[in-house]
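Nothing in this text is a laboratory measurement; each read-out follows from the coordinates by a stated rule. Quick caveat: nothing in here was measured; it's all calculated off a predicted structure. Don't worry about glycine lacking a Cβ; one is built from the backbone with ideal geometry, like all the others, and counts go over all protein chains shown.
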Amino acid sequence: MIKIRGLTKDYGLNWALRGVDLHLKPGEFVTLVGPNGAGKSTLLRIVATLLAPTSGEVSVGGWPFPQHAARVRRHIGLVSHQSLLYNDLTAAENLTFFAKLYQLQDIEDRVERALKKVGLYARQRDTVGGFSRGMVQRLTIARATLHEPDVLLLDEPYTGLDQEASQLLDSLLQQESENGRTILMITHDLVHGLEQCQRIAILKQGRLVANIKSADTTPSEFLDLYTQHTRSNHKKRNPKRQRTKPGEAA
Ligand code: ADP
């Protein structure tokens with residue numbers, strides 16, 4: 001469903017991605033972890049067609065882009081740091097607005113189903129400005145999946161959620177996964193990220209340094225693996241370190 005090959009991104013001052021290969025099968029749930037600055041958001045923004053890569057190939061559902069970016073966008077739902085919701089509109093008005101924007105059919109039914117799915121049907125007439133962070137996040141998922149995309153991309157969806165809201169999000173994402181949605185999620189929460197997914201990948205300095213099935217590891221084994229792979233990140237940086245290109249040792 002998602003194919004990434006030899007992906008690089010050069011922002012000018014440094015290489016954020018240095019040749020990443022990653023494939024997600026239809027319906028697969030993959031978590032991407034890594035230290036700050038590893039290139040996770042850059043990768044997600046490229047897959048979301050919001051950012052052009054420097055080189056490499058990316059396709060969603062067999063459609064390569066940037067050539068087919070508009071078509072690809074119809075197959076993608078994105079949950080990023082911004083909810084894109086309007087605080088002064090109600091939950092139902094927000095979803096209706098996005099349904100019209102996507103030019104969807106049967107808007108009333110679709111909005112009702114989406115609100116029920118995320119457990120906010122009873123709050124449909126309340127304005128989003130009065131919602132808790134967890135409710136906003138659930139409504140954001142309803143917004144991002146309103147057009148029934150094949151792929152759901154999530155950038156740190158657990159940020160700012162308390163335990164109860166995290167658990168509600170867990171079951172919502174499991175439900176999306178069971179419904180066959182392909183999911184690529186970035187998170188800093190290693191244990192949580194591991195529990196949720198079928199495969200977990202570690203990105204470090206723009207390279208994938210591990211890509212394993214979650215069933216093949218335990219949380220403590222994975223924490224060890226993560227520390228092992230990212231340890232050099234905690235070492236004191238050499239200020240004279242040269243800028244490296246893809247293919248060169250970082
Ligand atoms: P992560 O999401 O893993 O924290 P990012 O993808 O945000 O990593 O960033 C990867 C690298 O690219 C970092 O060194 C960051 O400073 C740099 N970077 C990210 N966005 C930009 C940008 N818009 N312009 C220049 N450099 C950027």
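Among the listed pairs 25/204; 25/117; 3/116, a Cα-Cα separation exceeding 28 Å is found for 3/116.
Angle between the Cα long axis of helix 133-144 and the longest principal axis of the chain, 0 to 90 degrees, nearest 10? The answer is roughly 90 degrees. Taking all Cα pairs closer than 8 Å and separated by 6 or more residues, the relative contact order of region 95-178 comes to 31 percent. The mean sequence separation of alpha-carbon pairs under 8 Å and at least six residues apart, normalised by the residue count of the chain, gives a relative contact order of 28 percent.
Remark on residue 211: its backbone amide H falls under 5 Å from those of 202, a criterion applied only to residues 5 or more positions apart or on other chains, H modelled at 1.01 Å from N.
Compared with the direct C-alpha span, the chain from residue 50 to residue 89 gains 11.4 nm at full extension, assuming 0.36 nm per residue.
Rounding to the nearest 10 and keeping the result within 0 to 90°, find how far the Cα-based axis of helix 163-178 lies from the longest principal axis of the chain. Helix 163-178 sits at roughly 90 degrees to that axis.
Around the Cα centre of the chain, unit charges on the Cβ atoms of Lys, Arg, Asp and Glu (plus for the first two, minus for the last two) sum to a dipole of about 1260 debye. When the Cα positions of 16, 95, 197 are compared along the charge dipole of the chain, 16 comes out farthest toward the positive end, with charges on each C-beta of Lys, Arg, Asp and Glu.
Partners of residue 213 within straight-line reach, counting aspartates and glutamates whose Cα lies under 12 Å from its Cα and excluding those fewer than 8 residues away in the same chain: 28, 195.
In degrees between 0 and 90, to the nearest 10, how far off the longest principal axis of the chain does helix 91-101 point, with axes built from Cα atoms? Long axis of 91-101 versus the principal axis of the chain: about 70 degrees.
Restricting the calculation to Cα atoms, every distinct pair contributes to the Kirkwood radius of the chain, found to be 19.0 Å. Rg and Dmax, both from the Cα atoms of region 91-206 and both in Å, are 14.7, 46.
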